[in-house]
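Only the coordinates and a few stated rules stand behind these numbers; no lab work does. None of these values were measured; they are calculated from a predicted model. Reconstructed Cβ throughout: ideal geometry from the backbone, glycine too, with neighbour counts over all protein chains shown.
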Amino acid sequence: MKLWFIALQDLKLLKANKKELLLHIIFPLLVVILVMTLFAGKPGLYGEAFFVSQDGGALATDYLNRIDEVKGLKVFLMEEEEAFNRLERGDILLLTIIPSDFSEKISEGDIPSLEIWKRGTGGQSGQLIISLLHSLLGEMLGEVHLSLMVKEHVQDSSFFQEDSQVESFMNSLFILSRQVPALEVVEGMNSPSQGSAAFFFPGVITLFIIFSLIFHSQSIVAERDEGILERMLASGLSKGEILGGKLLGRVLQGFLQMLVMSLPPLLIMGFFTFYSFLGTLVFSFFLAAAAGALGILIGSLSSRKEQALWAAVIISLVNSGLGNTFAIPTGGGPLVEFLNYATLSLYANEGLRSLIVEGASLKSLMPQMGLLLLGAMVFMALSFKFFNCARN
Amino acid sequence: MITVKDLFKSYNGKKAVDQVSFSVNKGEIFGLLGPNGAGKTTVLRIMSTILNPDKGQVVIGGFSAIKRPDMVRKIIGVCPQEIALYPDLTCRENMVYFGVIGGLSRKRALERSEVILRQVKLEDRSEEKVSSLSGGMKRLLNLAVSLLKEPRVLFMDESTVGVDPRSREAIFKLLHWFKEQEITVVYSTHYMEEAERMCDRVAIMSAGRIIALDSPFALKKKADPEGNISLEKVFLKLTEE
């Protein structure tokens, strides 16, 4: 009962201060609408493909042109030294070298060997690009084989006088077939939840809930400095009740933020199914608990508001920069990888994306919810050890 | 009502309270006097169960403040030096909040709020935000909150600092009322005139120790048998020594 009263009091304080209400609820709502509007659109492949061509032949050029024609893919032709330097620095994650005998081999119907260099998996679009390189190469080889077969069959006839005539005829057929493909792929979405905007939406939610810990950590220090925590203790509350009430307040506030931020996607953009909306709300309790507990821990460890502010800003930035908030980090080595796994955002984003984009069940998100809950419990246990109601 | 025995507290090796012992009778108004840093607030915070001493005993209403702080908290009221209130909430909202977390039902907290706000002459401002009150009114409300649970013992830490004469007079009237109600008050201040006027007995503290303890009249008599000396002069004389 007392815990609820403390928690509701924190919500009341939020409501009583119009500026804080604006910062915590209205501002995030506006950002959600902005991001959703910016990223609304059809999905597709967005990538960059880097090449070094050791072959100046016509077929190598044709191959590069065909790749360049793929929608959403940009082709960059580079010098070998520069390309390897950039690969070494991690500026590029996938490099394809077209060997000097590429055109010669293809023209004879032989399979040329492409040299593909990767950093890690080759980036988010790397696997797609490699698959595309194979498929376009297969297409070219198929055309060459067909031309060779036609040449062989017509060489004794009087229909074509020269090989070049056969080649020219076949090429015009192939161009025609490419313009009017037998199978046309139309990009579309079964549901808006599979679009780019839906991919970014969980990142926006976690960003705001994580950044709220800046406010939570400072309010703990402020209430201690103002003697409010001492008064609460002397009124008869135990340290555990004060901490529990504060955590519950943070959870309710995080839930409220999540609810308000989810309204535009629910009502206007149609991201949610009924189930994914409910699942998102349930999941938000775990995220809000972990973020709230971390804020309380920072406040418990800080003796001044400035300390709490600085620590909370750094932690929020690390969580938002990493944690797959808007992109999956690919560079930086094991340290970045470790930090990424240590962020709350990672588990929150994974969970929310699975719910919203993939339509996963809440049950399948037990590991993420469990880790967030474990985080909350560890942060609260540490807070209990370091929390002090008395002013310094 | 209160027994403090051989209290000792240090911060980072520096003595804040050193061998402090005294007792306070039921219904008595007991003053803790001393310059800044004398240890008054530390003694009050230990008695209020907010701090634990390094050594010594504090017994309030028969319960040890160290071993049974939960029981002590049921009978005490604490008025801290700071305005420990939520500025964005109204006077009534603050009163009800601290009343409920102190163990009162919401209905009882509302009833008590009405009574006490009337007593401190803030009933007309009950729906105003604390941030809009004057400094003196905030002090009165700060004191009012500590009375919600009808405490048997009240700790007041520098409750008249920065208060206008009208609000100070209101606080003095409340102290008289406490006396009538047999509420035991431990009152820390560095206004000697106040202590002389209000307190039954005073303890003068310096560098964490009690250097004199008696009624204001007896202390003055000791310093000047003719009695032509103010408590402030006695205090200055003792703290200089």
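Per the Debye calculation on chain A with a single equal scatterer at every Cα and no solvent contribution, log₁₀ I(q)/I(0) for q = 0.11 Å⁻¹ amounts to -0.87. Of all aspartates and glutamates in the structure, those lying under 16 Å Cα to Cα from residue A:12, and not within fewer than 8 positions of it along the same chain, are A:20, A:223, B:88, B:93, B:127, B:128. Since only B:235, B:61, B:163 are under comparison, the one whose Cα sits farthest along the positive direction of the charge dipole of segment B:2-240, derived from C-beta charges on Lys, Arg, Asp and Glu, is B:61. Applying a threshold of 27 Å to the alpha-carbon distances of A:239/B:55; B:9/B:138; B:26/B:74; A:239/B:173; B:5/B:40; A:15/B:40 flags B:9/B:138; A:239/B:173; A:15/B:40 as lying beyond it. Listed by number, the DSSP H helices of chain A that run 30 Å or longer by alpha-carbon position along their axis and have mean Kyte hydropathy of at least 1.0 are A:196-225, A:274-301. Dipole orientation for chain A: of the candidates A:378, A:285, A:17, A:17 has the Cα lying most toward the positive pole (charges on Cβ; Lys, Arg +1; Asp, Glu -1). Taking A:238, A:345, A:276 as the candidate residues, the one with maximal mean-square fluctuation in a Gaussian network model of chain A, Cα springs under 10 Å, is A:238. Just report the Cα centroid separation between segment B:137-161 and segment B:30-54, whole Å. Centre-to-centre (Cα) distance: 16 Å.
The H on the amide N of residue B:81, modeled in the peptide plane, is under 5 Å from the matching H of B:157, each at least 5 residues off or on a different chain.
Within segment A:1-105, list the trypsin sites (Lys or Arg not before Pro) lying in a DSSP loop whose Cβ has at most 10 other Cβ atoms in a 10 Å radius. In loop regions of segment A:1-105 (DSSP not H, G, I, E or B), the sparsely surrounded trypsin sites (Lys or Arg not before Pro) are A:71.
Each residue of segment B:155-164 is assigned a 3J(HN,Hα), and the resulting list reads 9, 10, 10, 6, 6, 10, 5, x, 9, 6 Hz, derived from the Karplus form 6.51 cos²θ - 1.76 cosθ + 1.60 (θ = phi - 60°), x at Gly and Pro. When the scattering of segment B:100-235 is computed by the Debye formula from its Cα atoms alone, each counted once and equally, what is log10 I(q)/I(0) at q = 0.15, 0.20 Å⁻¹? Treating every Cα as an identical point scatterer, log10 I(q)/I(0) equals -0.81, -1.21.
Enter the Cα centre distance for the pair segment A:278-296 and segment A:247-267, rounded to the nearest angstrom. If you average the Cα positions of each part, the centres end up 10 Å apart. Comparing Cα centroids, segment A:83-159 and segment B:188-208 end up 94 angstrom apart. Candidate cross-link partners of residue B:15 among the aspartates and glutamates, defined by an alpha-carbon separation under 12 Å and a same-chain spacing of 8 or more, comprise B:54. When the P(r) is computed for segment B:50-179, the part past 27 Å accounts for 19% of the Cα-Cα pairs. Legend: ranking of residues B:86, A:347, A:275, B:191 from fewest to most surrounding C-beta atoms inside 10 Å; resulting order A:275, B:191, B:86, A:347. The phi-based Karplus calculation (6.51 cos²θ - 1.76 cosθ + 1.60; θ = phi - 60°) puts the 3J(HN,Hα) values of segment B:29-43 at 9, 10, x, 10, 10, x, x, 4, x, 6, x, 4, 5, 5, 4 Hz, whole numbers, x for Gly and Pro.
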